[in-house]
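Enquirer: I have a structure I would like to understand better, so I am pasting it below and will then ask my questions one at a time.
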Amino acid sequence: MNASLSTFRTTRPEAILSVSAILALTGRILMAAPFLISGLSKLLNYANVGVAMSTAGIPSALLPPAIAFEVFGACALIIGWRTRTVAGLLACFCAFAALFLHHDLSEQGQMLMFLKDFAIAGGLLVVVASPPTIASHETQTTATLELKTRLLWRRD
């Protein structure tokens, strides 16, 4: 089994690369899903969420930017646009949400939400530390720019 796996890896690097790209895309989708669902849920329950924010001491005027940030941040993460920057901002968003919204750690539900927010932030920090993959907008844009640069400076 080990011999065939190592042979596969040495003779088919593009297959490993494509599996890696698919896994990275799947991971970005899974990390973005809670933000997308949460943002859309806030939009559909706008009045109730505004009251809940005010009760937590957060101005309800921050609700529209929070919704926009969650929805557009999730979409950017999925397509791989400015992945590292977006992942870093979403990680900060998770940390602030954990600290300001889930501070009653004596309640089990709040403790789980607190830990979930920090777990998602940790996963997003892994994205920040990782290079872009083939299955991202960043890589496609960089590849196009490199091709244009080569064509521009090509000597015939």
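Enquirer: Points 7 angstrom from Cα along the Cβ direction at GLN110 and TRP81: gap in nanometres?
Expert: Result for the modelled spin labels: 3.8 nm.
Enquirer: Net charge near ALA76: determine it from the other residues with C-beta under 10 Å of the C-beta of ALA76, scoring Lys and Arg +1 and Asp and Glu -1.
Expert: Once positives and negatives cancel, what remains is +2.
Coordinate-derived values only; no laboratory data. Owing to the predicted nature of the structure, the values given are computational and were not obtained by experimental measurement. Positions of Cβ are backbone-derived with ideal geometry, glycine not excepted, and every protein chain shown enters the neighbour counts.
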